Amino acid sequence: MRAADFIVQSLKAHGVKRVYCVPGESYLALLDALHDADIQVIICRHEGGAGFMAVAEAKMTGIPGVVLVSRGPGATNVSIAVHMAEQDAVPLIVIIGQIAREEKYRFVFQEMDYGQVFGSFCKGVFELTDAARLPEMLPRAFRLALEGLQGPVILPVPEDMLRDEVLNPQVLTYPLPHVSASPADIEHLRDLLLRAERPLVIAGSRMRGSKGAEALARFASAQRVPVAVTWKSQDIFDNASELYAGHLDMGTAKDLRDVLATTDLIIAAGTRLGDFATMGFALPEAPLPEQKLVHIYPDSKPIGRVIRVDLGLVAEPADVLGALAQNARVAPAARERWISSVHTACAASQIYAPRNVSDGVDFGLVTLALAKCADANATITTDAGNMSSWAHRFWKMSPKNLMIGGVVGAMGNGVPSAVAASIIDPSRQTICLVGDGGVMMTGNELAVAKAYGATPKIVISDNGIYGTIRSHQERHFPHRISGTKLVNPDFTAWAKSFGAETFALKLGDDVDAVVKAFLASAGMAVLHVHSSAQSLSAGGTLPT
């Protein structure tokens with residue numbers, strides 16, 4: 001079997017249904033092998049967008065996303081998505097068309113050393129120079145991307161190797177190792193819970209999916225423990241529950257932060273406990289927390305790496321929480337007082353008081369209207385920027401939803417993720433929140449939505465500034481605006497050129513009516529919001 005055809009067979013064996021690509025002459029044989037394959041090829045307009053779509057695929061399906069790019073510029077363009085996969089702990093396979101083997105080390109056209117380029121922020125770089133080893137290396141790559149702390153794996157494939165014969169084309173898959181806590185560990189944790197008056201779960205993206213979300217809900221209900229969710233993970237727990245303890249990030253409301261800080265036991269489940277998940281390494285505090293800390297993750301690397309733990313469990317958190325939900329022994333009445341205080345603070349933080357601004361539409365009101373009118377199981381994608389803060393604070397999501405954001409904070413993620421989400425599951429409404437900065441980076445991927453009949457609903461917050469940077473600028477160099485003003489196109493005319501149905505919101509318009517009409521649109525639609533720069537985020541304003 002030709003090596004290119006074997007690679008396609010291996011992709012199918014690993015459950016890959018789609019690959020995302022920008023074509024290149026360095027992997028023509030692989031494109032040829034995909035011609036008659038039962039794998040959908042999504043042709044994208046930029047490698048960064050293709051990579052973001054592949055990351056969204058992995059977040060939606062749990063199967064590694066696969067992106068195909070050409071050598072040199074194609075590889076460097078996709079690096080933003082590789083970094084995102086590493087920061088977001090997402091399994092990603094990047095196949096790079098490489099120069100021919102006989103040309104290596106001659107400094108030929110677009111030659112690069114991908115081990116040096118990607119080595120510091122991926123799980124592995126394996127150049128597949130020998131067709132005979134493909135049956136071994138491909139399943140190893142998938143296993144590595146999926147096991148433990150998930151992440152990206154880079155596979156450069158020399159263009160001439162793709163035409164070689166695989167003499168023993170045995171397609172293999174490598175099962176993942178099973179990680180679990182011992183019965184003694186479970187009992188230890190059960191005892192810690194029984195003794196704690198004010199326990200708190202900090203739940204991360206590893207809990208996404210039906211198994212994780214159901215185990216988290218059962219545990220919280222049975223053990224009567226409030227659940228705070230980490231940055232970009234609010235879809236893993238019902239935000240309307242009395243046990244919801246809020247979305248943790250750098251902008252978490254102060255009153256809620258103060259209440260959560262009084263916890264006496266933290267169970268970190270499915271999170272690496274990075275800076276955003278801990279609100280700047282404040283809860284739990286680095287390096288020594290004030291409360292007892294239990295950290296559950298299927299890889300030992302994050303456990304105790306920055307913050308000292310009292311109990312570290314290398315296990316699937318869904319399995320541990322599911323076990324603790326059984327035969328739960330509910331703690332004393334003080335637990336209910338704790339739940340009430342957390343719920344009161346969290347509920348107060350979810351109430352939005354509209355702001356009286358004159359420089360544009362209050363985007364908080366737009367977000368509330370979207371939350372009210374959206375389907376209960378809508379997929380919500382968010383780009384980087386302050387406009388996403390409204391959704392994190394005021395959109396009460398649940399595990400029926402799917403949130404696709406970027407822990408890494410990379411601009412340009414929103415639109416490609418929405419396009420991919422709509423292609424992957426066209427039965428679900430997909431809504432994207434993106435700023436005028438992010439949409440100009442990857443908005444060209446609306447052409448992909450048009451090509452494949454996708455119907456994402458894109459909401460553009462157009463306030464004429466790089467808002468997040470401007471907010472930092474005002475904090476450190478007040479009233480000295482430099483490098484953060486934007487001159488934008490007419491986004492309504494721009495969106496129409498892609499075939500989208502367009503809607504616009506300006507100061508004084510009926511927000512609810514326009515949003516309702518926008519979401520009712522049958523096809524791809526873009527809502528251009530002329531938003532207020534002054535009312536910048538859920539947590540703060542800019543000076544006039």
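Throughout, read-outs are computed from the coordinates displayed, never taken from laboratory work. Source: prediction; values computed, not measured. Positions of Cβ are backbone-derived with ideal geometry, glycine not excepted, and every protein chain shown enters the neighbour counts.
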How would the range 88-137 be classified by its alpha-carbon gyration tensor: rounded, prolate or oblate, with rounded meaning a/c under 1.5 and the a/b versus b/c comparison settling the rest? oblate
For the range 183-349, taking Cα atoms only, what is the radius of gyration to one decimal and the Dmax to the nearest whole Å? 14.0, 40
Whole-Hz Karplus ³J(HN,Hα) for the range 229-238, in order, using 6.51 cos²θ - 1.76 cosθ + 1.60 and θ = phi - 60°, x for Gly and Pro? 9, 8, 2, 6, 10, 6, 7, 8, 8, 5
Tell me, Glu242, Glu290 in order of fewest to most beta-carbon neighbours within 10 Å? Glu290, Glu242
List the DSSP H helices in the chain whose Cα atoms stretch 20 Å or more along the helix axis and whose mean Kyte-Doolittle hydropathy is at least -1.0. 47-61, 73-88, 334-349
Among Ser341, Gln9, Ile43, which residue has its Cα furthest toward the positive end of the charge dipole of the chain, with +1 on Lys/Arg Cβ and -1 on Asp/Glu Cβ? Ser341
Do any trypsin sites (Lys or Arg not before Pro) in the range 460-534 lie in a loop, going by DSSP, with at most 10 other beta-carbon atoms within 10 Å of their beta carbon, and if so which? Arg480
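Can you put Phe276, Phe363, Phe518 in order, fewest other beta carbons within 10 Å first?
Final ranking by Cβ density, sparse to dense: Phe276, Phe518, Phe363.
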What is the order of Leu519, Leu172, fewest Cβ neighbours within 10 Å to most? Leu172, Leu519
Could you pull the Rg and Dmax for the chain, using just the Cα atoms, both in Å? 23.9, 74
Alpha-carbon centroids, the range 470-544 and the range 303-353: separation in whole Å: 37 Å
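Which trypsin sites (Lys or Arg not before Pro) from the range 1-93 combine a DSSP loop assignment with at most 15 other Cβ atoms within 10 Å?
Those satisfying the criteria are Lys17.
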Taking the alpha-carbon distance from Lys123 and a cut-off under 19 Å, which lysines remain once sequence neighbours fewer than 8 residues away in the same chain are dropped? Lys59, Lys301
C-alpha center-to-center spacing [the range 47-99, the range 187-215] in angstrom: 32 Å
Helical contribution to [θ] at 222 nm, DSSP H n ≥ 4, -39,500 (n - 2.57), averaged over the chain, rounded to 500: -10500 deg cm²/dmol
